[in-house]
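Input: a single structure, listed below in C-alpha cells.
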Amino acid sequence: MAVPGARARGWAAAARAAQRRRREERTGGPARPEPASRRAALYVHWPYCEKRCSYCNFNKYIPRGVEEAAMRKCLVTEAQTLLRLSGVRRVESVFFGGGTPSLASPHTVAAVLEAVAQATYLPADSEVTLEANPTSAPGSRLAAFGAAGVNRLSIGLQSLDDAELRLLGRTHSAGDALRTLAAARRLFPGRVSVDLMLGLPAQHVGPWLGQLQELLRRCDDHVSLYQLSLERGTALFAQVQQGALPAPDPELAAEMYQAGREALREAGFRQYEVSNFARNGALSTHNWTYWQCGQYLGVGPGAHGRFVPQGAGSNTREARIQTLEPDNWMKEVMLFGHGTRKRTPMGRLEMLEEVLAMGLRTDVGITHQHWQRFGPQLTLWDVFGTSKEVKELLERGLLLLDHRGLRCSWEGLPVLDSLLLTLLPQLQEAWQQRTPSLVPGG
Amino acid sequence: MWTVLGPGWGRGHALALWAARRRLPGPRPAPTREPAARRFSSADLKEKLDMSGFPVENTRNFSIIAHVDHGKSTLADRLLELTGTIDKTKNNKQVLDKLQVERERGITVKAQTASLFYNCEGKQYLLNLIDTPGHVDFSYEVSRSLSACQGVLLVVDANEGIQAQTVANFFLAFEAQLSVIPVINKVSIMRQPCYLLFSLPKSTFSISAKLGTNVESVLQAVIERIPPPKVHRKNPLRALVFDSTFDQYRGVIANVALFDGVVSKGDKIVSAHTQKTYEVNEVGILNPNEQSTQKLYAGQVGYLIAGMKDVTEAQIGDTLYLHKQPVEPLPGFKSAKPMVFAGMYPIDQSEYNNLKSAIEKLTLNDSSVTVHRDSSLALGAGWRLGFLGLLHMEVFNQRLEQEYNASVILTTPTVPYKAVLSSAKLIKEYREKEITIINPAQFPDKSKVTEYLEPVVLGTIITPDEYTGKIMMLCQARRAVQKNMMFIDENRVMLKYLFPLNEIVVDFYDSLKSLSSGYASFDYEDAGYQTAELVKMDVLLNGNIVEELVTVVHKDKAHLVGKSICERLKDSLPRQLFEIAIQAAIGNKIIARETVKPYRKNVLAKCYGGDITRKMKLLKRQAEGKKRLRKIGNIEVPKEAFIKVLKTQSDK
C-alpha cells in the first residue's frame, strides 16, 4: 500500500508529528495569515456501507463491489476542481465522512490528501478526521490510515449494549467497540472521538447512564451524544409505525441528555456544542467551522458545501450540493470535473440566519465580533436589544445578551430550536426595517 | 294476547300486538287493471295535460311513512312501476331520493311527489304520492306534507318491528286524522316469526317491496280505504305550499296541494304569509319529473312557478290564494325554527369565497337553514348556521362536501338558550324581556336575569328490555326526566323522556346505539323551554381568557364539560418554553385544571454539512407557521388546538 508521491509522504509524516502535539482551542486564537475568504474546510463523502443501519437515512449505498480506483480518481478530481473554483489558499481541516469511509482503502484517503496538499496549502497540523466503524480487528488498518495522513478518528460506537447494537443494525459488538477505541487511542492519543446514542426505543435512563460511565472510563478527550431521531424510510421508523417497537420517549431522552451532559461536565468535559463535548482543548476544528459559518467545500456524492467561488470571479457565497447517486456523480465528475448538482446563492439575510442558528449551538455563541463579520450594518443589539419577546427569553434565563455577544445558557441550549422560533423572525423583521429598499433576503 | 298500550294509544282505536304471521292476508280476487301507461304515454305527456278529467272522487292523496331503512323508498319505486309512471327496470332504486346523501344514508331529506295514474275496475284514478322527509328533524315538513293527505301507508320492517320513529310518524298521521294502512315490509327475508305491531281496525298488508310481492294489493287499499279529499272546485283558490325547490333558470318551484278552487297560468296569486302578489307562469304535476298542465284543480297536487326569487317566498305551510279573493289561511303555518346552531368555517381562509357560494346555493333549496356571518379569532371568518336538528346539520354538511367539494370545520353544536331579563337597562337595550342567546359571548350576567331557559325535547326510545337499565342511566346522566315507560311487546320497551336539547345534540345518539348494540332507536320532538341553571364557563390559559372557548353550560355539567375541554386542550397544545396552566372557571372559581409541561429538549442533535440546509428550512417553516398562531397572553395556540376543542366530536 504505497502512498503515491514523495510530497504526500512528506505531508503525512509531518502530520503524524503534529498529531502528537496537544492543540489549543481555536476560538479566539491568533489570527491566521490568510483572510477568512481564502480559507476553507474540506468534507469528503464516501458513500458506501457494508450494511444498512436501521436508523440511518443518510446518502449511502450498499454496493456489490466498489470500483475503488474510479471512485478515488473522481474524489481527487472533484477536490481539485472545487479548490480551484473556490480560490481557497489554505485548507484548515479535512473530514472523511460517509457512508463508512473506514471501508475505503487508506490509499484513497492518501490520494485525496495529496491532491489537496498539491492544490493548496494544507498545514501539517491540519485536522484530518476519519469516521470509523468499530471492527473486530482494528489495529493495523487504523495504523494504515494514520500513515495515509489521518490524525483524528471519530468512532461510531453508538452503544455499549449488544442488544441495542443489534436493534440499530450495527455490525459490531460492544467488545469490538471497546477494542477499536483502545486501539485508536494508542495510535491517535488525544485525538479520538466516540459517538454515543440516546433515546432508543425501550432505553432507560439508568442503564444508559451506566453505559456513559463505562465509556468515560475508556474514552479519550472527545465525546458526541446524539439523540436518535426516527427518520421516515428507515427500518426502525417502520418498526415503530407497525408497533413492533415502542416509540422512543422524548421525556426519557431529555432526561438522558440532561444527566449525560452533567456527567460529562463532572468528568471535565466542556460542552462546546449541543451534541459535542471535549476536554483538554480537543474540539473538532472541522465541525467548529460549520457552526461558525466558515467556508467549506463538499466533495463526493451528495456532499454539501458553502463557499464563494472566487476562482470563477464571484463574490457571493453559494450553498452547493453534489449529485447524490455515486454512479451519476462519477459520470459528471469525469465529464465536467465536478458533480455539483445544485448551486444556490446565499443572501446576506440568509447568511445571518445561519450565523444565528449555527452559532447559538456553541457554548461561546455569537460574539459581537463574529456577528460584525457577516452583518456589519446591524449589531446584535440592534436586532435583539429591543424585542419584547427576546427580553422574555433573557428574563427567563434561557438566553444571554451582553458585552460578549448572544448565547444560550446551560438551561437554554437544550431548547434552542424553540428559542430560534422567536429569534429568526426577529432577525427578519429587524433586517427589513433596517434595509427597506432591499428585497427580503437579498 | 292483546295488550292495551296505555292511555296515549286509545282514542277508540284498538291498538294491539300480535304475531305478524297470523294475519297474512288471504287470497283476494285480482282486480282488473289496464296499464296506465297506455292511456298516458310519454308522447301524450309532452302535450299539456288537461287535469279537469280527474274528479275529486277519483283522487287519492297519500303518503308513506316509515322508520329509516324500513323500505319506504323501495315501496315508492314499486308503486311508480306498477302504475307505469316509470319503466320497470332493475335500476329503479329509490327513484324519489334524488340526493346522493339520501341514497347513501337511506334517508329522505327532501320530500318528493309523484302523481300516479291508475286504472282500477274501469275507473281512472289519480293517486298523488307525497313522499315525506324521513326524519323527525323535519317533522314540521312532514306535518305539512301530511296535511295535504287523507291517508298514509305506515311501513314497518318485519324484522325490526316498531321503532321510535314509527311511533312518532304514527302520531303525526293519527293527529292529522288520516286513514292509516299498516304495511309490513321485508316479509321475504323475515328471519323468524317475530312479534310485532299495533293493529289498526282494518287488515294489515304483508309485502316485499324489494320483490314487489303483494304491492298491487296495497294500491287497491289506497283506493278503497283512503277517502278522496274534501275539497271544492267551485270555491276560490286555496293552495297549501308543502315544499319548494329552487331552479337556477326558473326561480322557485313551489309544490302545492289544492284544497279549493283552480289555478292556471296567468292567475294572480298572493302569499298569505308575505302578502306578496305573483303571476303564475306555469302549473303542472310531478310525474315524478315536472310535467306542465293547463290547470290544477281542487284535490290535486302539483307544482307552480310564479316568479318567486327566493325559497323564503314560498315557505312550507304557507297558503296561496287568488288576488282579490282572500281566503282563511290553512292552519298550522310556522316559520322554520332552528333548534341547533353550529359555527362553520373554511379549513383554509382562502376557501372562504368558495364556501360562501356553496352555502348560498344549498340554502337556496333549504330555507330552514339560518345563516349569520360570524368570525372567530382562531378560525377566521365563517358563519353561525341554525339547523332544524342534528341530522339536518349532518346532511347539510355532507351535501356541502359531496355536492360542492367543500371541506369545513363545524364547531360543536349549541342550542338556543333564553334569558328572562330583570335589568331595566338591558330590557330597554334588547327591546324585549326574553332574549335568545345564540352566541355565548352575549350571555347576560345572572344579576341581570330573572331566570335562564333551555330548550327541551320529548324523546322516545324503543329498546329491547335487556338494555333498559343502561339506557335509563344514560338518560339520567343527560339530565332527562322520565315521562313514561311501557312494554310494546314481549321484550321491547318504549321509554319517554324529557331531555334538555343540549344534552342530546353532541353524542347522545351514538352512546345510545353503542350501549344497546345498535338495537335501540331514538326520536324526539320539540317540547318548548324549561328553566335551567345555566352558567357561563371561561377557559383560561395561564390566567388569560380564551374568547373562542367561552361556553354556556348547565351548572350540574360544568365540571364535566370543563374537565373535558381542559383535557382536549392539553392533548392538542404543543409544549412551550414554560409551563401552561389550562383552567376552566365559572366567575372566579376554578373548576378544572390541566398542565402542559415545558419543553425539556427540542434541539436537533446532529447539525453538520447537509443537515444545515435542512434544518434552516425546517426552522423557517416553523417560524412562518408561528406567525399565524393565535397568542393568548404569551402562549401560542395553533389553529388545530382550537379545532380539536371546538369541533364536533364524532369519535366520543
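One table, with the values for the structure above:
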{"read-out": "Top-ranked residue in segment A:37-69 [being loosely packed, with under 14 Cβ neighbours inside 10 Å and of a type in the set (A, V, I, L, M, F, W, C); ranked as modelled with the highest pLDDT]", "value": "A:Ala69"}
{"read-out": "Selected residue [within 30 Å of B:Ala168 (Cα to Cα), at pLDDT below 95 and of a type outside the set (D, E, K, R)] from B:Met494, B:Met472", "value": "B:Met494"}
{"read-out": "All positions within segment B:341-351 that are out of contact with any Leu (no Cβ under 6 Å at 6 or more places or on another chain) and buried (at least 19 other Cβ atoms within 10 Å of the Cβ)", "value": "B:Phe341, B:Gly343"}
{"read-out": "Failed condition for B:Arg478, given (1) under 30 Å from B:Val550 (Cβ atoms); (2) over 30 Å from the mean Cα position of the chain (by Cα)", "value": "(2)"}
{"read-out": "Unmet requirement for B:Lys631, which otherwise passes all of (1) under 15 Å from B:Val539 (Cα atoms); (2) assigned to a helix (DSSP H, G or I); (3) within 11 Å of chain A (Cβ to nearest Cβ)", "value": "(2)"}
{"read-out": "Count of segment A:198-215 residues which are of a type outside the set (Phe, Trp, Tyr) and within 15 Å of A:Ala174 (Cα to Cα)", "value": "7"}
{"read-out": "Those residues of segment A:173-190 which are surrounded by fewer than 22 Cβ atoms within 10 Å (Cβ to Cβ) and of a type outside the set (A, V, I, L, M, F, W, C), in sequence order", "value": "A:Ser173, A:Gly175, A:Asp176, A:Arg179, A:Arg185, A:Arg186, A:Pro189, A:Gly190"}
{"read-out": "Among the candidates A:Leu419, A:Leu394, residue that is surrounded by 15 or more Cβ atoms within 10 Å (Cβ to Cβ), of a type outside the set (Phe, Trp, Tyr), touching a residue at least 40 places away in the same chain (Cβ under 8 Å) and over 23 Å from A:Tyr296 (Cβ atoms)", "value": "A:Leu419"}
{"read-out": "Residues of segment B:507-539 satisfying the condition of being in contact with a Leu (Cβ under 9 Å, 6 or more places away or on another chain), closer than 30 Å to B:Ile635 by Cβ and of a type in the set (A, V, I, L, M)", "value": "B:Leu534, B:Met537, B:Val539"}
{"read-out": "Failed criterion for A:Ser93 (all others in (1) within 14 Å of another protein chain (Cβ to nearest Cβ); (2) closer than 21 Å to A:Trp329 by Cα; (3) not aliphatic (A, V, I, L, M) hold)", "value": "(2)"}
{"read-out": "Helices (runs of 4 or more DSSP H) (entirely within segment A:322-423) containing at least 3 residues that are away from chain B (no Cβ under 14 Å)", "value": "A:326-336, A:368-374, A:380-384"}
{"read-out": "Lone qualifier among A:Met351, A:Met330 - being surrounded by fewer than 21 Cβ atoms within 10 Å (Cβ to Cβ) and either more than 17 Å from the chain's Cα centre (by Cα) or of a type in the set (Ser, Thr, Tyr) (or both)", "value": "A:Met351"}
{"read-out": "Some residue of segment A:201-218 being buried (at least 16 other Cβ atoms within 10 Å of the Cβ), under 25 Å from the mean Cα position of the chain (by Cα) and under 20 Å from A:Thr129 (Cβ atoms)", "value": "yes"}
{"read-out": "Residue under evaluation A:Ala110, criteria (1) in a loop (DSSP other than H, G, I, E, B); (2) crowded, with 24+ Cβ neighbours inside 10 Å; (3) among the aliphatic types (A, V, I, L, M), criterion not met", "value": "(1)"}
{"read-out": "Residue in segment A:134-151 that is farthest from A:His222 (Cα to Cα), counting only those that are in a loop (DSSP other than H, G, I, E, B) and within 20 Å of the chain's Cα centre (by Cα)", "value": "A:Gly149"}
{"read-out": "Candidate set from segment B:252-279 (those that are of a type in the set (S, T, N, Q) and surrounded by fewer than 18 Cβ atoms within 10 Å (Cβ to Cβ)); member that is farthest from B:Glu328 (Cα to Cα)", "value": "B:Ser264"}
{"read-out": "Any hit, segment B:115-132, residues being at pLDDT below 75 and small (Gly, Ala, Ser)", "value": "no"}
{"read-out": "Some residue of segment B:260-278 being more than 26 Å from B:Thr85 (Cα to Cα), of a type in the set (Lys, Arg) and in contact (Cβ under 8 Å) with a residue 40 or more places away in the chain", "value": "yes"}
{"read-out": "Segment B:591-600, residues that are assigned to a strand (DSSP E or B) and surrounded by 14 or more Cβ atoms within 10 Å (Cβ to Cβ)", "value": "B:Ile591, B:Ala592, B:Arg593, B:Glu594, B:Val596"}
{"read-out": "Test: residue in segment A:120-136 that is of a type outside the set (S, T, N, Q) and farther than 25 Å from A:Ile155 by Cα", "value": "yes"}
{"read-out": "Pairs with Cβ under 7 Å, 6+ apart, first in segment B:391-418 and over 26 Å from B:Ala641 (Cα atoms), second acidic (Asp, Glu) and in a strand (DSSP E or B)", "value": "B:Tyr417/B:Glu454; B:Lys418/B:Glu434"}
{"read-out": "For B:Val539: the one exception among (1) at pLDDT 90 or above; (2) in a loop (DSSP other than H, G, I, E, B)", "value": "(2)"}
{"read-out": "Listing of strands (runs of 3 or more DSSP E) fully contained in segment B:427-491 that carry 1 or more residues being touching a residue at least 60 places away in the same chain (Cβ under 8 Å), under 16 Å from B:Ile504 (Cα atoms) and among the β-branched types (Val, Ile, Thr)", "value": "B:449-464"}
{"read-out": "Among the candidates A:Gln258, A:Gln295, A:Gln271, residue that is more than 17 Å from the chain's Cα centre (by Cα) and at pLDDT 95 or above", "value": "A:Gln258"}
{"read-out": "Those residues of segment A:310-321 which are away from chain B (no Cβ under 13 Å) and of a type in the set (Val, Ile, Thr), in sequence order", "value": "A:Thr316"}
{"read-out": "Selection count where residues are farther than 15 Å from A:Leu212 by Cα, assigned to a loop (DSSP other than H, G, I, E, B) and over 24 Å from the mean Cα position of the chain (by Cα), scope segment A:152-185", "value": "1"}
{"read-out": "Hits in segment B:601-628 - residues which are over 30 Å from A:Pro301 (Cβ atoms), within 10 Å of chain A (Cβ to nearest Cβ) and assigned to a loop (DSSP other than H, G, I, E, B)", "value": "B:Lys601, B:Asn602"}
{"read-out": "Subset of segment B:577-590 (residues that are surrounded by fewer than 18 Cβ atoms within 10 Å (Cβ to Cβ) and more than 22 Å from A:Leu421 (Cβ to Cβ))", "value": "B:Ile586, B:Gly587, B:Asn588, B:Lys589, B:Ile590"}
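The values are calculated or read from the model by the stated rules, or taken from the named source; none is laboratory data. What you see is a predicted model, and the numbers here were worked out from it, not measured in a lab. For neighbour counting, all protein chains shown are included, and Cβ atoms are generated from backbone atoms with ideal geometry for every residue, glycine included.
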